[in-house]
Each structure stands twice: as structure tokens, then as C-alpha cells.
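> Quick one: this structure, given as C-alpha cells, is what I'll be asking you about.
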Amino acid sequence: QKDTQLARTHNLIGVEELCDMADESGMMLKIEDGNICQNPFTFNQTYWDNVLKDEVDMVDAYKNHASVFIWSAGNENVWCFGHQGEKIRQFAFKEMAKVAEAMEDADLMRRPVEWEADGDLGGRLKYHNLHYFKEIVRGAPVLPTDAWLGDMSKQPTLNYSICPVKLGEKPITTGESFWPRVP
């Protein structure tokens, strides 16, 4: 589409050629490794250490591409297992924040890092990443009107499924939204 400005490599591994094409054309990319997507929860520290290594390796592989604008550490993890209790949620938030920090440290350009759909990991990230936040709050959106949050004073907090989002507190990003479903 002619108006696309940023594309997300949603759950893809090995996007070197795509990065080359984006570098040449001026397209911005959100790079996301397909290994960390809706994974079942575990307290196993070896698993989390491997997640950290995998994500830092992804940054190392693509950090020299001018087209890379933002990093996605994973997709819908706490979104999927966050209902299993506060102990699990807090442990995951802590481990996921360590991964995000290691990714940021591995990138000398310090490009933003987010976890798709997992909010701000309980206050640990600089951004809120929401999926379908308008759909969750209000049902199927009507475009283009519903693409705007509108007057934040009328609704200062979104009751997002992972954690409440205080509007105006930090930037909001989204990797998926305006799902074309029937209400």
C-alpha cells in the first residue's frame, strides 16, 4: 500500500533480504523474532536466559540496518498467560524487562524495545504496547474516526487487559489494532 510507513516482521525469522529492501526504499521496520510468541509460561530460568540470548542475537543480526526503527521482543506472551495469577505475571514482567533492557543495550542507536500486547510490563517499559485496545474498550472500531483517542480528560485511564493504562503518561504503540471483525 502506498501509505504504509512502517511494517512489522510479525513472527518472522531471517528477514535480512526484507531489511535490505527496506533500507533501499526508505521503509521503516519493526523487527520481531518469531521464536517468542504466545509461549506457555515457565519459571525455568534456563528458558528465560535463552529468550534473552535469542532476542539479543536478533538485535545483533539487524542493528546495522537503517530501516530498523523499533524492536519487538515478542508477541502476546503475558496477554496469553497473564490470567494465571499475580506471581506468574510479576515474574514474567521482571524477566521480560531484563530482555528489553539487554536488547536496548545491544543496540548502540538505543532504538525503542516493546513487547507486543503486553502493555508496559507493569511500569517497567518506556512505552505501553497495546493490541486491539480500541476494540477491547469500545467494540469494533469505525475508521477513520476511531483511530484517534480523542479527549483524554474524558477517559484518563484505559482498562486494558494486561494492566491499566493512564493516558498521557507515556507513549502508546500498537502492532495490531483495528481488527476487521464483525461486532
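> From the backbone phi of the stretch 48-61, what are the Karplus-calculated ³J(HN,Hα) couplings (6.51 cos²θ - 1.76 cosθ + 1.60, θ = phi - 60°) in whole Hz, Gly and Pro given as x?
Once rounded to whole Hz, the list reads 5, 5, 5, 4, 4, 4, 4, 6, 5, 4, 4, 4, 4, 5.
> Moving on. Show 101, 16, 76 ordered by accessible area, largest first, where the area counts protein heavy atoms only and the probe is 1.4 Å.
101, 16, 76
> When Lys and Arg each count +1 and Asp and Glu each count -1, what net charge do the other residues less than 13 Å away from residue 110, Cβ to Cβ, add up to?
Here the charged neighbours net out to -1.
> If you count only protein heavy atoms and use a 1.4 Å probe, how large is the accessible surface of residue 72, to the nearest 10 Å²?
0
> Per residue, how much accessible surface does the stretch 19-76 expose to a 1.4 Å probe? Answer in Å², no decimals.
Per-residue accessible area for the stretch 19-76 comes out at 46 Å².
> Within the set of other residues whose C-beta is less than 11 Å from the C-beta of residue 82, count the net charge using Lys and Arg as +1 and Asp and Glu as -1.
Net local charge, residue 82 excluded: -2.
> Between residue 44 and residue 105, take the C-beta separation as r, use R0 = 30 Å, and let me know the FRET efficiency to the nearest 0.05.
With a Förster radius of 30 Å, E is 0.80.
> From Cα pairs below 8 angstrom and at least 6 apart in sequence, can you work out the relative contact order of the stretch 95-135, rounded to a whole percent?
The normalised contact order for the stretch 95-135 reaches 31 percent.
> So how far apart, in nm, are the two label points at residue 90 and residue 154 if each is 7 Å from Cα heading toward Cβ?
Each label point lies 7 Å from its Cα, and together they span 3.8 nm.
> Moving to a separate point now. For 83, 131, what's the largest-to-smallest order of accessible area, 1.4 Å probe?
These residues rank, largest area first, as 83, 131.
The values are calculated or read from the model by the stated rules, or taken from the named source; none is laboratory data. Fair warning: this is a prediction, and the values are worked out from it, not measured in the lab. Cβ coordinates were reconstructed from backbone atoms using ideal geometry, including for glycine residues, and neighbour counts include every protein chain displayed. Heads up: the accessible areas ignore ligands, DNA and RNA and are worked out on the full protein's heavy atoms, side chains in. Shrake-Rupley method; radii C 1.70, N 1.55, O 1.52, S 1.80 Å.
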